[in-house]
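Quick notes on the structure that follows.
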Amino acid sequence: MKKLIVLLLTMMMLVSAGCGAKNEAPKETPGTAAESLFTEGTFEGTGKGHNGEIKVAVTFTTDRIEKIEVLDHKESLGIFEAPVDKIPKEVLEEQSLTADLVAGATVTSEGLLEAIENACIAAGADIESLKKAEAGQETEGEVVTHETDIVVVGAGIAGLSAAMEAVEQGAKVILVEKMPIVGGSTIRSGGKILAAGTDIQKAHGIEDSAEAFGDFLMEVGENQVDEDYVRLIAEKSNENLEWLIEHGVEFADDIEPLHSTISPARGHYTANLSGAGMITPLEEEFLAAGGTILYETPAVELLTEGDKVIGIKATNPDKDDITIKAESVILATGGFNHNEEMMETYIPFLKNYTSNVGLGNSGDGITMAKAVGAKLLMREAGINLTVNGGTYYGYGEEFKGLFVNPEGERFMDESVFHFTRTRILMDHGINEMYAITTEYNDRIGKSMEMGLAFEADSVEALSELIGAEKLSETVTRYNELAEAGDDADFGKDASFMKPVEGEKYYALYMGMSSSGTFGGIDTDLQGRVYSEDGSIIEGLYAAGETASGRVLYKEYPGSGTAIMCFLTFGREAGRHAAEALK
């Protein structure tokens, strides 16, 4: 935890040494006003980031931007570091507002640039001239060659754990990451991971076992997942949690159930409630152990010699032609949420969905593996939730109202686990629904402002407003069941059955949100990649979301499942690839 705090404090310090006083009175500047580009002094500016306001203080001389300090922000740990490290430096070096946005953190980058721009405005700068990029000469990249034992492609939890495991087994490892920061989808998560039989569970008097955890994963997987793989995840879950702790990850002393209907509680979460709490320590430990990370270096092709994979081709922002020769390649590039063609092909169920997945998840590993004859095992599913897009209303157990399809018909027990709701929607072949309630709150108000919720004085008026012609009879039937205390239609517990009655009626639009994809490259238990003919492709391994078809089926078991699955097979791939060198 101390390392993480030190890192954050370091990143948020002045880009150039020294502290300027806030809003100093402008000093007299030599010469005429026409000779001055800025009013000398320190000025503050704010911009809108992903999670809230970003505030900076910028110090100027009469002709230069001298230093930039981030005063406050609410951006996610692990996401903010790259923009705050890169953008102020470019502004200072170029003396312009033309810094490139950081891929995967574009909203944060835009907010930071906006804050710096507003400080420049306060200093009397000519913003138009600061935004004019100097015409530079296009440079050609260099030919670069590296040699290593193992190259890992992708630095999410699977890639980092594979790389870390391989280094600890004595291998020389290069980890390439297409984004400017490591972490993949994990760094955007809330830092939760599922495990069974842990010391934290025991401290809370929770009895659990690998067998029970495996049974749960098999049940949610509808027995369509591979039992050997699922049992391995469950059996190694406690060991892998301890492995994270040994590598600097700090967990809270508490534990959280997935849902009131699911026990025992297995949700362990990082002390800072962030995926960065896992990613940052692993990144630091890997580098300290002698590993190499090439950031902003997307792999573009697998290199082969006969039937064996012998390395990768990659590039970078300098347009270098990079060759990395290796005994083994481990693909851990995540899913394909940002590959429109793959989404339409493999998950046609999802329509008009939103996603907070990082831009790096575009199916690169799957595409490269397929090009060398790898077998794919795809699932028409993912980490999909049906929620109100403006507020995330519908996640968890807070909603006690009525769910209806676009025609206004009730079709489920509304109290079930939120991922089960999406599975039910899949069964009905629909991608959207409405949540009907009479209980107003601020989140409903916010959703109405965004055009994602609707208000009416009667059920009939609400029915017309959203075009759900059967809503009135549905509400009448639901209220009768609630009064009787017996949900004869869908078996909802009587404690959750409350009549939908009031002075105002609200309908919240609930659409699909996707945080990951299921399926991809097919592998054995060691992470070795199968070819289309069922043989093993020598020198090629895969792990994580890019190879998740054997462990996840239609319904997502719950938050923290993917991280444990991908950590497990990341370590397995790294260990076996390293052992194959001996």
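The values are calculated or read from the model by the stated rules, or taken from the named source; none is laboratory data. Keep in mind the model is a prediction, meaning the values are calculated, not measured. Here Cβ is always computed from backbone atoms with ideal geometry, including for glycine, and neighbour counts include all displayed protein chains. For accessibility, only protein heavy atoms count, side chains too; no ligands or nucleic acids. Shrake-Rupley method; radii C 1.70, N 1.55, O 1.52, S 1.80 Å.
Descriptive notes on the structure:
- Ser495 satisfies every condition listed in (1) part of a helix (DSSP H, G or I); (2) open to solvent by 10 Å² or more (accessible area, probe 1.4 Å); (3) touching a residue at least 60 places away in the same chain (Cβ under 8 Å); (4) among the polar types (S, T, N, Q) except (3).
- Subset of region 427-460 that is among the β-branched types (Val, Ile, Thr) and in a helix (DSSP H, G or I) - its residue that is least open to solvent (accessible area, probe 1.4 Å): Ile444
- Candidate set: region 519-544, residues that are in contact with a helix residue (DSSP H, G or I) (Cβ under 8 Å, 6 or more places away or on another chain) and of a type in the set (S, T, N, Q); chosen: the one surrounded by the most Cβ atoms within 10 Å (Cβ to Cβ): Thr523
- Matching entry among Leu302, Leu232, Leu244 (being under 16 Å from Thr568 (Cα atoms) and open to solvent by less than 20 Å² (accessible area, probe 1.4 Å)): Leu244
- Some residue of region 166-186 being at negative phi, assigned to a helix (DSSP H, G or I) and among the hydrophobic types (A, V, I, L, M, F, W, C): yes
- A count restricted to region 550-574 and to residues that are surrounded by 23 or more Cβ atoms within 10 Å (Cβ to Cβ) and on the phi > 0 side of the Ramachandran plot stands at 0.
- Any hit, region 378-393, residues being modelled with pLDDT of 95 or more, at negative phi and not in a strand (DSSP E or B): no
- Scanning region 356-389 for residues that are within 19 Å of Ile430 (Cβ to Cβ) and out of contact with any Gly (no Cβ under 7 Å at 6 or more places or on another chain) turns up Glu380, Ala381, Asn384, Leu385.
- Every test in (1) open to solvent by 10 Å² or more (accessible area, probe 1.4 Å); (2) under 24 Å from Gly183 (Cβ atoms); (3) over 26 Å from the mean Cα position of the chain (by Cα); (4) aliphatic (A, V, I, L, M) is passed by Ala577 save one, and that test is (1).
- Of the criteria (1) under 30 Å from Asn388 (Cβ atoms); (2) buried (at least 24 other Cβ atoms within 10 Å of the Cβ), which one Ala547 fails: (1)
- Listed by first and then second residue, the pairs linking a residue in region 231-258 that is under 24 Å from Leu552 (Cα atoms) to a residue that is surrounded by fewer than 14 Cβ atoms within 10 Å (Cβ to Cβ), with Cβ atoms under 6 Å apart and 6 or more places separating them unless they lie on different chains, are Ile255/His204.
- Tally of residues being within 9 Å of Ser237 (Cα to Cα) and open to solvent by 10 Å² or more (accessible area, probe 1.4 Å) across region 190-204: 1
- Some residue of region 256-275 being open to solvent by less than 20 Å² (accessible area, probe 1.4 Å) and part of a helix (DSSP H, G or I): no
- Checking each residue in region 394-425 for being in a loop (DSSP other than H, G, I, E, B) and basic (Lys, Arg) picks out only Lys400.
- Cross-chain or 6+ apart pairs with Cβ under 6 Å, region 322-333 first and crowded, with 24+ Cβ neighbours inside 10 Å, then hydroxyl-bearing (Ser, Thr, Tyr) and assigned to a strand (DSSP E or B): Ile330/Tyr541
- Only residues that are touching a residue at least 12 places away in the same chain (Cβ under 8 Å) and in a loop (DSSP other than H, G, I, E, B) were counted across region 187-228, and they come to 17.
- Test: Lys48 is buried (at least 18 other Cβ atoms within 10 Å of the Cβ), at pLDDT 85 or above and of a type in the set (Lys, Arg): no
- Being touching a residue at least 12 places away in the same chain (Cβ under 8 Å), touching a Cys at 6+ places or on another chain (Cβ under 9 Å) and either open to solvent by 10 Å² or more (accessible area, probe 1.4 Å) or part of a loop (DSSP other than H, G, I, E, B) (or both) holds for only one residue in Leu71, Leu97, Leu92, and it is Leu97.
- Criterion applied to Glu140, Glu128 was being open to solvent by 60 Å² or more (accessible area, probe 1.4 Å) and either part of a helix (DSSP H, G or I) or within 30 Å of Glu538 (Cβ to Cβ) (or both), and the one residue passing it is Glu128.
- Candidates Ser472, Ser463, filtered to the one that is crowded, with 20+ Cβ neighbours inside 10 Å and either touching an Asp or Glu at 6+ places or on another chain (Cβ under 9 Å) or in contact (Cβ under 8 Å) with a residue 24 or more places away in the chain (or both): Ser463
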